[in-house]
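Participant: Can you keep this structure in mind? I'll have questions shortly.
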Amino acid sequence: LIEKAKERKTVLAVEAALAAPAPDQLFIPRNVRVEVADARSLPLDDGSVNLIVTSPPYGVGRPYAGDGDVAAGDWPSFMHDWLLEAFRVAAPNCRLALNVPLDTSRGGMRPTYAQAVQMAEAAGWEYRSTIVWFDDQLGKSTARGSMDSAAAPHVYAGAEMVALFSKGEWKRES
């Protein structure tokens, strides 16, 4: 039954994706502007953005259009650079929702979430809270190494973090 339910869930997800409008058919309100650019050099005016929702590259070797992923060792400085640029374009009271994994193991074990929070604060963002997003798509194993080698377990957190920040006051007028 569990396998049948998983198969049905996958079929429903594919059907929903196929039924969704093509990107060129999406409605975008006139007061919304979409830009494609390197996040470290945005074509936006200072203080012009009210909300930033992002899931940046994690430095785990995934390919991206244009450039490859940032190297794991360079990830903290990459994060600081684009978070500083995001702070520049952020309006007063702008909010930032930053989605990153709790930790990563490609390129060496790294506390990805902790590094992201540290770099955001270093760029001027004020930490407000964190949403824990349960992600059951990370794999079936939470401690595969325990089964294969009890001497070196590898624990995979089945969650990602959405850290919330603001530029200045969190409270916004209605």
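Participant: Do you know which residues across the stretch 109-133 are open to solvent by less than 60 Å² (accessible area, probe 1.4 Å) and among the aliphatic types (A, V, I, L, M)?
Facilitator: Ala114, Ala116, Val117, Met119, Ala120, Ala123
Participant: Counting just the residues of the stretch 38-70 that are modelled with pLDDT of 80 or more and touching a Pro at 6+ places or on another chain (Cβ under 8 Å), which one comes out surrounded by the fewest Cβ atoms within 10 Å (Cβ to Cβ)?
Facilitator: Checked the stretch 38-70; the qualifying residue surrounded by the fewest Cβ atoms within 10 Å (Cβ to Cβ) is Gly47.
Participant: Would you point out which residue out of Trp75, Trp82 is open to solvent by less than 20 Å² (accessible area, probe 1.4 Å) and modelled with pLDDT under 90?
Facilitator: After ruling out the rest, the residue left standing is Trp75.
Participant: Ok, one more. Taking Arg106, is it open to solvent by 30 Å² or more (accessible area, probe 1.4 Å), in contact (Cβ under 8 Å) with a residue 40 or more places away in the chain and more than 19 Å from Trp125 (Cβ to Cβ)?
Facilitator: Yes; evaluated as a whole, the condition is true for this residue.
The values are calculated or read from the model by the stated rules, or taken from the named source; none is laboratory data. Everything numeric in this text was worked out from a predicted model, so none of it was measured. Every residue, glycine among them, receives a Cβ derived from its backbone with ideal geometry; neighbour counts consider all protein chains shown. Accessible surface areas use protein heavy atoms only, side chains included; no ligands, DNA or RNA. Shrake-Rupley method; radii C 1.70, N 1.55, O 1.52, S 1.80 Å.
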